[in-house]
Amino acid sequence: MKLGIIGLPQAGKTTIFNALTGGDVPVAMSGGRFEVHTAVVDVPDPRVDALSRLYNPKKTTYAKVTYTDIAGLEGSGSGNIAGPLLTELSQMDGFLHVVRCFENPSVPHALGEISPQRDIEVMEDEFLLNDLIQVERRLERLAEERQRGSRDKGEIAAEEALFQRLHSALEENRPLRTLELNPSERKQISGFGFLSLKPLLIVLNLSEGQTPPQVELPPQADSIALHGQLEMEIAQLPPEDATIFMAEYGITEPSLNRMIRRSYDLLQLLSFFTVGEDEVRAWTVRRGALAPEAAGVIHSDLQKGFIRAEVVPCDTLLELGSMAEARNKGVLRLEGKTYPVQDGDVLHVRFNI
Ligand SMILES: Nc1nc2c(ncn2[C@@H]2O[C@H](COP(=O)(O)OP(=O)(O)OP(=O)(O)O)[C@@H](O)[C@H]2O)c(=O)[nH]1
Ligand SMILES: [Mg+2]
């Protein structure tokens, strides 16, 4: 799963990217030019920590999310995001829009004064306009096809109806993620990489001690506030020093962990676990997935030959101390092919191929 860190120039994208990776990509270098950095980040999860303490395995593996710092959006409102920037944006499964709230006289804002609300709207408008232009192009193409009779009439009409729906939404400034689309409609438009279709988390990037501003969020977007610079400094410290530093600031957990978990939620994912002496591991699957699909995330053979899954909620397992004890107590369930996996389930898949 890939999340794009986007925002206007100098909003703090690279600072937050560094916070996520503990790295030190130079900040304020892109100057509005297209530039990309990518990293795979562990999703912090106290349940994995607890399972790992219980099993003491050779290896502990967290769920992962890929973050890409994408510089180059300027909010010009021209609706012509193109080239490698558009390609990069289209490939993302969702966006974290870093919105500058911090004041820093040595880093002027390209649009003048600091205004988080304006920046949220500028980005939203940019995405809506880009999608609108693409939808209009597609509608023109479809009209041509209809005239030429180059494709099945019914097929063209159905696609036109769908794109008209997209068009009306965009014209009313409604992002495409607000539309209810069935799986086949989603599939039909998936190749377009519409930007306003993707889940959006607004990241309010504060300065030290600043209270988060009151902002009106775009439809079906979520928000989180953090202090990017401080998070980066914490992430770059050796772990022992970070603990001391956080204690001094009265921080119990980096806000960053919260942001990572929220982005995981944003993508409508859930975690399930496998446990054993070799490995304790968190796996990722979309919410609503049935047991065989989850098994397939572990290995395709497990999906093909799926018979049943032994399931126990992680908390119950931690309380009882072992799968065997869970079985004795009768809380280890046997679930079949129609079981929707729940966040926090510990699975043991029985299969036969
Ligand atoms: N005072 C203050 N300065 C910050 C904060 N966050 C970032 N900066 C500074 O703002 C500048 C821009 O930060 P970056 O993280 O490079 O921003 P960016 O969005 O990656 O910028 P571009 O890639 O050029 O679009 C840098 O000089 C940072 O040091 C903050 O919370 N407080
Ligand atoms: Mg940058």
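The values are calculated or read from the model by the stated rules, or taken from the named source; none is laboratory data. Please read all numbers here as calculations on a predicted model, not as lab measurements. Methodologically, a virtual Cβ is constructed for each residue, glycine included, from the backbone with ideal geometry; neighbour enumeration extends over all protein chains shown. Note: areas computed on protein heavy atoms with side chains; ligands, DNA, RNA excluded. Shrake-Rupley method; radii C 1.70, N 1.55, O 1.52, S 1.80 Å.
At-a-glance table
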quantity	calculated
Average Cα contact separation per residue, the chain, under 8 Å, 6 or more apart, as relative contact order %	20 percent
Length added when fully stretched, THR338-GLU253, from 0.36 nm per residue minus Cα-Cα	26.8 nm
Antiparallel DSSP beta bridges within the chain, as percent of all bridges there, nearest 5	50 percent
Accessible surface, the chain, averaged per residue in Å² (probe 1.4 Å)	49 Å²
For the chain: rounded, prolate or oblate by the Cα gyration tensor [a/c cutoff 1.5]	oblate
Three-way shape call for region 209-303 based on the alpha-carbon gyration tensor, with the a/c threshold at 1.5	oblate
Per-residue ³J(HN,Hα) for region 284-292, Karplus 6.51 cos²θ - 1.76 cosθ + 1.60, θ = phi - 60°, Hz, x for Gly and Pro	10, 8, 5, 4, x, 5, 8, 3, x
Gained length - ASN56 relative to ALA157, 0.36 nm times residue gap less alpha-carbon distance	30.4 nm
Within region 1-133: Cβ-based charge dipole about Cα centre, in debye rounded to nearest 20 (Lys, Arg +1; Asp, Glu -1)	760 debye
Förster radius 22 Å - calculated FRET efficiency between ARG286 and GLU172, Cβ distance, rounded to 0.05	0.15
Accessible carbon and sulfur surface of the chain relative to its total accessible area, %, 1.4 Å	49 percent
Farthest positive-ward along the chain dipole, Cα basis, beta-carbon charges - from HIS167, PHE17, LEU200	HIS167
Rounded to the nearest 20 debye, dipole of the chain from Cβ charges on Lys, Arg, Asp, Glu	1380 debye
Cα-Cα over 32 Å, subset of LYS2/LYS337; LYS58/LYS187; LYS153/LYS304	LYS58/LYS187; LYS153/LYS304
By average C-beta atoms within 10 angstrom, highest first, the peptides 218-231, 100-113	218-231, 100-113
Rg to Rh, two decimals, where region 46-142 supplies the alpha carbon set and Rh follows Kirkwood	1.17
Whether region 288-351 is rounded, prolate or oblate, judged on the alpha carbon gyration tensor where a/c under 1.5 counts as rounded	prolate
Aspartates and glutamates whose Cα lies under 16 Å from that of LYS13, excluding same-chain neighbours fewer than 8 positions away	ASP24, GLU35, ASP69, GLU74, GLU88, GLU103, ASP119, GLU231, GLU233
Cβ crowding within 10 Å averaged over residues, with 232-238, 248-254 ranked highest first	232-238, 248-254
